[in-house]
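What follows is a single structure, written as structure tokens, with notes after it.
The values are calculated or read from the model by the stated rules, or taken from the named source; none is laboratory data. Computed from a prediction, not measured in an experiment: that's the story for all the values here. Cβ placement follows ideal geometry from the backbone for every residue including glycine, while neighbour counts extend to all protein chains displayed.
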Amino acid sequence: KAGVTQTPRYLIKTRGQQVTLSCSPISGHRSVSWYQQTPGQGLQFLFEYFSETQRNKGNFPGRFSGRQFSNSRSEMNVSTLELGDSALYLCASSLAIRNTEAFFGQGTRLTVV
Amino acid sequence: SQQGEEDPQALSIQEGENATMNCSYKTSINNLQWYRQNSGRGLVHLILIRSNEREKHSGRLRVTLDTSKKSSSLLITASRAADTASYFCATDDGSNYQLIWGAGTKLIIKP
């Protein structure tokens with residue numbers, strides 16, 4: 001069974017640009033969550049999708065958005081990039097939306113210059 | 001804000017020794033999970049313990065949960081070089097869907 005796939009693995013963007021990250025969950029998993037990981041802040045929850053609906057959202061500005069498609073694949077978008085958006089963005093999939101094990105992708109390392 | 005706080009922040013031990021790390025949290029939970037992360041890569045799930053469980057084992061891992069103290073511990077026995085990683089605890093807050101993470105314990109196993 002294939003794991004969680006995140007693309008691209010690495011990105012370098014310029015301040016003010018926008019970026020779209022992609023996540024393909026494990027087959028059969030309908031829940032996808034996104035996290036931002038930085039050395040200073042640890043893992044911060046961005047949002048969670050289940051059956052194409054956003055079920056929960058973390059405390060991030062509106063520049064961060066996401067969506068989930070009917071095949072459970074998910075994308076997150078960051079507009080008007082800032083230097084502070086440089087981070088490892090992790091996607092996790094799980095069978096259900098709570099109380100279950102989360103399977104993580106390798107992440108997308110975004111560098112904003 | 002973080003729900004879980006791991007302790008210690010960093011731990012360095014000799015190969016073969018046991019490693020213990022702790023996690024404290026603030027609110028009632030449904031379950032607590034431990035994850036491992038190697039060198040800035042994705043996280044790997046280690047073990048999930050439910051709020052009505054007190055202890056759980058998986059191979060060389062032993063997790064305890066004390067809901068009265070709002071704390072959990074992860075014990076790795078007979079450590080190996082491959083155990084070098086950061087270890088995170090994650091909890092739900094009992095009512096919400098999201099996992100809330102601690103800052104992690106960085107474990108270094110010296111050969």
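Across segment A:37-65, what is the number of residues that are polar (S, T, N, Q), touching a helix residue (DSSP H, G or I) at 6+ places or on another chain (Cβ under 9 Å) and at pLDDT 95 or above?
Qualifying residue count for the region: 0.
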- Test: B:ALA78 is more than 14 Å from chain A (Cβ to nearest Cβ), more than 27 Å from A:CYS91 (Cα to Cα), more than 15 Å from the chain's Cα centre (by Cα) and hydrophobic (A, V, I, L, M, F, W, C): yes
- Residue check for B:GLU53: more than 11 Å from the chain's Cα centre (by Cα), under 30 Å from A:PHE47 (Cβ atoms) and within 14 Å of another protein chain (Cβ to nearest Cβ): yes
- When you look at B:ILE49, is it out of contact with any His (no Cβ under 7 Å at 6 or more places or on another chain) and under 23 Å from A:ALA92 (Cβ atoms), yes or no? yes
- Only unsatisfied item for A:VAL19, checking (1) within 11 Å of the chain's Cα centre (by Cα); (2) farther than 18 Å from B:GLY42 by Cβ, is (1)
- Over segment A:1-53, the set of residues among the β-branched types (Val, Ile, Thr) and touching an Asp or Glu at 6+ places or on another chain (Cβ under 6 Å) is A:THR20
- Note on the structure: When B:ILE29 is run through (1) β-branched (Val, Ile, Thr); (2) within 13 Å of chain A (Cβ to nearest Cβ); (3) within 13 Å of the chain's Cα centre (by Cα), the failure sits at (3)
- Message: When you scan segment B:88-110, do you find a residue that is over 16 Å from the mean Cα position of the chain (by Cα), within 26 Å of A:PRO39 (Cα to Cα) and of a type in the set (S, T, N, Q), even just one?
- Response: yes
- Query: In segment B:22-46, which residue that is farther than 15 Å from A:PHE104 by Cβ and out of contact with any Gly (no Cβ under 9 Å at 6 or more places or on another chain) is surrounded by the fewest Cβ atoms within 10 Å (Cβ to Cβ)?
  - Reply: B:ASN22
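Assess whether A:PRO39 counts as being of a type outside the set (Val, Ile, Thr) and away from chain B (no Cβ under 13 Å).
In short, no.
Quick grid of which residues meet (1) part of a loop (DSSP other than H, G, I, E, B); (2) more than 11 Å from chain B (Cβ to nearest Cβ); (3) not small (Gly, Ala, Ser):
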position: A:LEU90; (1), (2), (3): no, no, yes
position: A:ALA96; (1), (2), (3): yes, no, no
position: A:THR100; (1), (2), (3): yes, no, yes
position: A:ARG109; (1), (2), (3): no, no, yes
- Task: Taking the options A:PHE69, A:PHE45, A:PHE64, name whichever one is aromatic (Phe, Trp, Tyr) and within 12 Å of chain B (Cβ to nearest Cβ).
- Result: A:PHE45
- Could you name every one of the strands (runs of 3 or more DSSP E) located completely within segment B:15-111 that has at least 2 residues being in contact (Cβ under 8 Å) with a residue 60 or more places away in the chain? B:19-24, B:31-37, B:85-91, B:105-110
